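Presented below is the structure to which this report refers.
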Amino acid sequence: MSPPSILIVGSGIAGTTLASFLLLAPISVSQKPHITILERASHPRAQGQNIDIRGAGVAIIRKLGLESVIKANTTGEEGVHFVDDRNRLIAEGPADKTGKVQTGTSDIEILRGTLAEICYRRCLTISHDVKAKGGAGVEFIFGDYLDSITQASPDRVEVHFGKRNETRSYDLVIGADGLQSSTRALVWGAEADRAAVRSLDMYGGFFSMPSGPTDSEWRRWFIAPGRKGVMVRPSGLKDRVTVFMYCINATDQRFSEVAEGGRKSIEAQKALFAEYFADAGWESARLIREMNEAEDFYYSPVAQVKLDEWSKDRVVLLGDAAYCASPISGMGTTLAFTGAHNLAGSLAEHVLSRPEEKRDWETALSQHETLTRPAVEKAQTLPFGGQGIKVLHFETWWAVWIFRTSIWAMANSGVFGLLSKWKGPPANDVKVEAFEFEKVEEFPLS
Ligand SMILES: Cc1cc2nc3c(=O)[nH]c(=O)nc-3n(C[C@H](O)[C@H](O)[C@H](O)COP(=O)(O)OP(=O)(O)OC[C@H]3O[C@@H](n4cnc5c(N)ncnc54)[C@H](O)[C@@H]3O)c2cc1C
């Protein structure tokens, strides 16, 4: 019996987590799948700023032996301070460190780059263990991409690697290549791909910069007129903070045009933010200066992905590629973990543990979807019908002033805490399925 061959496109959070769980399926080493992970970047991409792991996500990192190392690498954010243009505190929303109440700051806040690196290294150690016992483990291919994906026969997918000009075929291809997934575009088609990505008319720039005297363990959130804002947040390092600058804008086409160029358009992306923040007040001069210097600047439209089906024959999408809930949901990483766990568990149950003639790929893929969809639907239901973020942002100084006065009043009357309980991210409602995987040792702290 030959073990299945699986190609995972994207070595992000979802991709490496899926590979780790597939290799931890409770089966003999000769049954373990042959996994290839293809990453477009030329090296493991340890980039990106603050993200949260909540509820179900915490239970899943525990299964991978990652709880201690992740908790040792958090940013230590205490909560949110809304500030005005003179940096005066308007309102405060503290984190609930017990994780019982999901507020804007979760109990585990970590930099995306740090988490991606931990997940990659965990996957490597699990793969090494499997290889040491005679299994195939994971083959990583960096710096390449697919330019075609074809369902060559009912049970075989043929792919072509653009750079190395090589054709290979797999039993299953998984697109874990993020919000702008090219697996989705190649297999679902350009029109369906465009329809799947629902813009929230918001565009963000993420980067880090040296800490200054006004920075602390609290996230400072400054909302400016012209429907834009900035969050400056702790990074976990005393001498650096992270920045999320954003504009809510449905009319200036340049925001979506500069996104299409990806990293090739980085100068145009920075120039656009510099233009919009030139008159925003507060610490904008510092932010523009540091953004222009930043080497880790990352630009992204804020959007959700909605698809009726996450799989087509033997191609399945996972994480942001299938069901991005957007950074404002606070749930993207938790959903990436949950989906990877459900997909690996379903494949272990219906495919990996069975002899070749009894493998039931269709049931595995549909079970993964049935288990994961309820969590995705909750996470994608943003406050005020998705208009929540727009409701908080205004065009004129007067409207911003009225907004600041309202949140000051809400914070002083305790309404803020109530809002967190009512409208916080729904991570504690996400079910963690009872799939059995092999136990792994806790990942070392260094
Ligand atoms: C560089 C980067 C920075 C980010 N920064 C933030 C942030 O600061 N805040 C935030 O809230 N969210 C950020 N995100 C998104 C966040 O990581 C995801 O929302 C969440 O963790 C779900 O993870 P995912 O694995 O589904 O997707 P992602 O984490 O986006 O991972 C997708 C992976 O696929 C790779 N990839 C993309 N296209 C291809 C291709 N054609 N072929 C091969 N590989 C490909 C990417 O390089 C990446 O490694 C960032 C994502 C990336 C890639």
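The values are calculated or read from the model by the stated rules, or taken from the named source; none is laboratory data. Every value quoted in this text rests on a predicted model; they were computed, and no experiment measured them. With ideal geometry, Cβ positions are generated from the backbone for all residues, glycine too; neighbour counts draw on all protein chains shown. Ligands, DNA and RNA are stripped out before the accessible areas are found, and what is left, the full protein with its side chains, is counted by its heavy atoms. Shrake-Rupley method; radii C 1.70, N 1.55, O 1.52, S 1.80 Å.
Can you pull out every residue in segment 25-43 that is more than 8 Å from the ligand (Cβ to nearest atom), over 26 Å from residue 429 (Cα atoms) and part of a loop (DSSP other than H, G, I, E, B)? Matches in segment 25-43: 26, 27, 28, 32, 33, 42, 43. Counting the residues of segment 27-56 that are of a type in the set (A, V, I, L, M) and free of Cβ contacts under 8 Å to residues at least 40 places away in the same chain gives 0.
Those helices (runs of 4 or more DSSP H) of segment 276-356 in which 1 or more residues are open to solvent by 10 Å² or more (accessible area, probe 1.4 Å) and touching a Pro at 6+ places or on another chain (Cβ under 9 Å) occupy 284-293.
Quick one: would you say residue 98 is β-branched (Val, Ile, Thr), open to solvent by less than 10 Å² (accessible area, probe 1.4 Å) and either at pLDDT 95 or above or more than 14 Å from the ligand (Cβ to nearest atom) (or both)? Steps first, please.
Working: β-branched (Val, Ile, Thr): yes; open to solvent by less than 10 Å² (accessible area, probe 1.4 Å): no; either at pLDDT 95 or above or more than 14 Å from the ligand (Cβ to nearest atom) (or both): yes.
When the stated conditions are applied, residue 98 does not pass them.
So in segment 1-24, with the set limited to residues that are small (Gly, Ala, Ser) and more than 9 Å from the ligand (Cβ to nearest atom), which one is farthest from residue 437 (Cα to Cα)?
We begin by selecting, within segment 1-24, every residue small (Gly, Ala, Ser); these are 2, 5, 10-12, 14-15, 19-20.
Now restrict to residues that are more than 9 Å from the ligand (Cβ to nearest atom): 2, 5, 19-20.
Values: 2: 21, 5: 19, 19: 12, 20: 10 Å.
Per the criteria, the residue is 2.
Looking across segment 180-201, just one residue is closer than 30 Å to residue 240 by Cα and either within 12 Å of the ligand (Cβ to nearest atom) or touching a Phe, Trp or Tyr at 6+ places or on another chain (Cβ under 6 Å) (or both), and that is 180.
The set of residues in segment 149-179 that are open to solvent by less than 50 Å² (accessible area, probe 1.4 Å) and within 12 Å of the ligand (Cβ to nearest atom) comprises 149, 159, 161, 162, 173, 174, 175, 176, 177, 178, 179. Restricting segment 44-55 to residues that are within 14 Å of the ligand (Cβ to nearest atom) and open to solvent by less than 30 Å² (accessible area, probe 1.4 Å), the residue that is farthest from the chain's Cα centre (by Cα) is 54. Restricting the first member to segment 160-181 and to residues that are under 14 Å from residue 15 (Cβ atoms) and outside any loop (DSSP other than H, G, I, E, B), and the second to residues that are open to solvent by 40 Å² or more (accessible area, probe 1.4 Å) and within 15 Å of the ligand (Cβ to nearest atom), the beta-carbon pairs closer than 9 Å and six or more apart or on different chains are 175/182; 175/186.
Would you say residue 222 is surrounded by 17 or more Cβ atoms within 10 Å (Cβ to Cβ), touching a residue at least 12 places away in the same chain (Cβ under 8 Å) and within 14 Å of the ligand (Cβ to nearest atom)?
Details: surrounded by 17 or more Cβ atoms within 10 Å (Cβ to Cβ): yes; touching a residue at least 12 places away in the same chain (Cβ under 8 Å): yes; within 14 Å of the ligand (Cβ to nearest atom): no.
Here the answer is no, as residue 222 does not meet what is asked.
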